[in-house]
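To start, the structure itself, in C-alpha cells.
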Amino acid sequence: SVWPCAMKPSIGVECQRCCHDSQIEVGEEVKSIQCSSCKTTWQINRDSIFKKCPICGCPYFYGQKDFNKVLGLAIMFVGVCLAPFTYCLSLPVLSFFDWLLYRRVPNMVVCYDCRSEFRGFEVPADMEGFKHFLAEKFEKENT
C-alpha cells in the first residue's frame, strides 16, 4: 500500500477575505496558490514554509497527526457499547486497533493564527505539539 506516503503536499486554508475553505495542492514548482473563490493569491516558498505562514505571516505552528478525531471516538464508543457482551475485551482490542490506525496516519502542521493545515510536507523534527497558551493568545488577538 502506498498510503499515506504518496500524499501530495497541500494546504487547507480558509480565505481571510471571502471565508471560502479550500484544499490546494502545492507541487514542486508552485510559487503561489490562489483561493478558488475570490482569487486571493498567496506566495509559497517551500524552503521556509514553516518559518512564516504563507497565508497570514504567522511564525507559530504546531504538529499533529492528520487523524479524524470523530473516527477515533466512534471506535472507542463501539468498544464501550460492546463491553457488556464481551466481558470488556472489546475495549483493549479496539483501543489497539485505534492505536494502529493512529500510527499509520501522517503528520500535518497547523498555523496557530489562521489555522491553515499543511499536509504532505516534510515536518521539521523540532516541530512541537499544540500549546494551549499560544492558541489562547491568538484566539484573544482574533476576537
### Message
Among the residues of segment 8-32, what is the count of those that are open to solvent by less than 90 Å² (accessible area, probe 1.4 Å) and over 22 Å from ASP66 (Cα atoms)?
### Response
4
### Query
Looking at (1) closer than 18 Å to GLN23 by Cβ; (2) open to solvent by 40 Å² or more (accessible area, probe 1.4 Å), which is the only condition VAL110 fails?
(2)
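Just to be sure before I move on: is TYR112 of a type outside the set (A, V, I, L, M, F, W, C), under 26 Å from TRP42 (Cβ atoms) and touching a helix residue (DSSP H, G or I) at 6+ places or on another chain (Cβ under 8 Å) in the structure I sent?
Numbers: of a type outside the set (A, V, I, L, M, F, W, C): yes; under 26 Å from TRP42 (Cβ atoms): yes; touching a helix residue (DSSP H, G or I) at 6+ places or on another chain (Cβ under 8 Å): yes.
Spelling it out, TYR112 is indeed of a type outside the set (A, V, I, L, M, F, W, C), under 26 Å from TRP42 (Cβ atoms) and touching a helix residue (DSSP H, G or I) at 6+ places or on another chain (Cβ under 8 Å).
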### In segment 121-131, residue nearest to GLU25 (Cα to Cα) [restricted to those that are modelled with pLDDT under 90 and surrounded by 13 or more Cβ atoms within 10 Å (Cβ to Cβ)]
VAL123
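In the set LYS69, LYS65, LYS51, which member is in contact with a Pro (Cβ under 9 Å, 6 or more places away or on another chain) and open to solvent by 80 Å² or more (accessible area, probe 1.4 Å)?
Checking each option against the conditions leaves just LYS51.
Which of the following residues is closer than 30 Å to GLN16 by Cα and touching a helix residue (DSSP H, G or I) at 6+ places or on another chain (Cβ under 6 Å): PHE67, PHE61? Break it down stepwise before answering.
Numbers: PHE61 fails: touching a helix residue (DSSP H, G or I) at 6+ places or on another chain (Cβ under 6 Å).
Going through PHE67, PHE61 in turn, just one is closer than 30 Å to GLN16 by Cα and touching a helix residue (DSSP H, G or I) at 6+ places or on another chain (Cβ under 6 Å): PHE67.
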## Note on the structure
Selection over segment 72-119 where residues are under 30 Å from ILE49 (Cβ atoms), part of a loop (DSSP other than H, G, I, E, B) and hydroxyl-bearing (Ser, Thr, Tyr) yields a count of 2
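Evaluate segment 132-139: report whether one residue or more is open to solvent by less than 50 Å² (accessible area, probe 1.4 Å) and within 18 Å of GLY12 (Cβ to Cβ). Give the derivation first.
Of all residues in segment 132-139, those open to solvent by less than 50 Å² (accessible area, probe 1.4 Å) come to 134-135, 138.
Within this subset, residues satisfying the condition of being within 18 Å of GLY12 (Cβ to Cβ) are 135, 138.
Looking through segment 132-139, at least one residue is open to solvent by less than 50 Å² (accessible area, probe 1.4 Å) and within 18 Å of GLY12 (Cβ to Cβ).
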### Query
Applying the selection to segment 72-107, what residues are open to solvent by less than 50 Å² (accessible area, probe 1.4 Å) and either in contact (Cβ under 8 Å) with a residue 40 or more places away in the chain or touching a Gly at 6+ places or on another chain (Cβ under 6 Å) (or both)?
SER90, LEU94, ASP98, VAL105, PRO106
## Note on the structure
Only one of ILE33, ILE11, ILE55, ILE24 is among the aliphatic types (A, V, I, L, M), in contact with an Asp or Glu (Cβ under 9 Å, 6 or more places away or on another chain) and within 18 Å of PRO106 (Cα to Cα), namely ILE11
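The values are calculated or read from the model by the stated rules, or taken from the named source; none is laboratory data. Everything numeric here is computed off the predicted structure, so don't read it as measured data. Glycine gets a Cβ as well: all are built from the backbone with ideal geometry, and neighbour counts include every protein chain shown. In case anyone asks, the SASA skips ligands and DNA or RNA and just uses the protein heavy atoms, side chains included. Shrake-Rupley method; radii C 1.70, N 1.55, O 1.52, S 1.80 Å.
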